[in-house]
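One structure is given below, encoded as structure tokens.
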Amino acid sequence: MKTSKILASAFIAGLLALAAGASTASTIATWTPVKTSDWTYLIGSTTYTYSSGHAADAILYTTTNLTQGTDANGDLLANVNSLFPQSTGSRIAYVSSCDSSTSLCTGATDSASASKTSFTFTSTDPFEFLFVHFGQRGGPGELLFHWTQPVNSLTVNGPPGLSNYRALTAVPEPETYAMMVAGLAMLGVALRRRRSAV
């Protein structure tokens, strides 16, 4: 009886924490699918190419200028969660990033052309989502590449001013691990009681 009350209290506390986190206002953009074939995408009347370990499942584009944060308050996380809701027990987390062409990289490397119309982004850890900001003559805007099977790198030819790359992936929530460990502990207690009763 006490165990069920403790679990119910923990569940309610978790819901309250989720509600508190959800109260942060984020900009949710209007996205347009732009993928035209396995290795091309279209912005305006211009076709661009890309390459990666395998073709992206989706390529989306918006002209909304999103906050490039690297925490739960960033617009990028909110947009990924809005477009690609995660299964229960997982969340979106940052993997790596570069804040400008060939510099200010965390967990990644980037090599861009002088005109910033092409780049190769390589991450130490695999990612499922990659945001690419661009500006200058063709923008501003954001591109979002999505793969159901994670990749480690992406080479893109695109609009002028390609910069600010953010790689994200789905990861299990810490609470998922905690619940699994608690469940195993309760199972162990139940088995031990059962053995001692025999």
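Can you list residues from other chains, or at least 5 along the same chain, whose modelled amide H is less than 5 Å from the amide H of S96?
A167
Report, to the nearest whole %, how much of the accessible area of the range 24-67 belongs to carbon and sulfur atoms, 1.4 Å probe, protein only.
Result for the range 24-67: 51 percent of the exposed heavy-atom area is carbon or sulfur.
Go through the range 111-121 residue by residue and turn each phi into a ³J(HN,Hα) via Karplus (6.51, -1.76, 1.60, θ = phi - 60°); whole Hz please, and just put x for glycine and proline.
10, 10, 6, 4, 7, 6, 9, 8, 7, 10, 9
So for the pair T40, T109, with labels modelled 7 Å out along Cα→Cβ, what separation do we get in nm?
3.1
Any chance you could run the full-extension gain for Q149 through S51? It's 0.36 nm times the residue separation minus the Cα-Cα distance, nm to one decimal.
Going from the current span to full extension adds 33.8 nm.
May I ask you to give the percent of accessible area on the range 118-158 that is carbon plus sulfur, with a probe radius of 1.4 Å?
Of all accessible area on the range 118-158, carbon and sulfur atoms account for 45 percent.
Which ³J(HN,Hα) values, rounded to whole Hz and listed in residue order, are derived for the range 58-63 from phi using the Karplus coefficients 6.51, -1.76 and 1.60 in 6.51 cos²θ - 1.76 cosθ + 1.60 with θ = phi - 60°, glycine and proline given as x?
8, 10, 10, 9, 9, 9
Check which residues have an amide H placed less than 5 Å from C105's amide H, if you skip close sequence neighbours.
Answer set, sorted by chain and number: D99.
The values are calculated or read from the model by the stated rules, or taken from the named source; none is laboratory data. Note that the structure is a prediction, hence the values are computed from the model and not measured. All Cβ positions, glycine included, derive from the backbone under ideal geometry; neighbour counts span all protein chains shown. Only protein heavy atoms, including side chains, enter the accessible area calculation; ligands, DNA and RNA are left aside. Shrake-Rupley method; radii C 1.70, N 1.55, O 1.52, S 1.80 Å.
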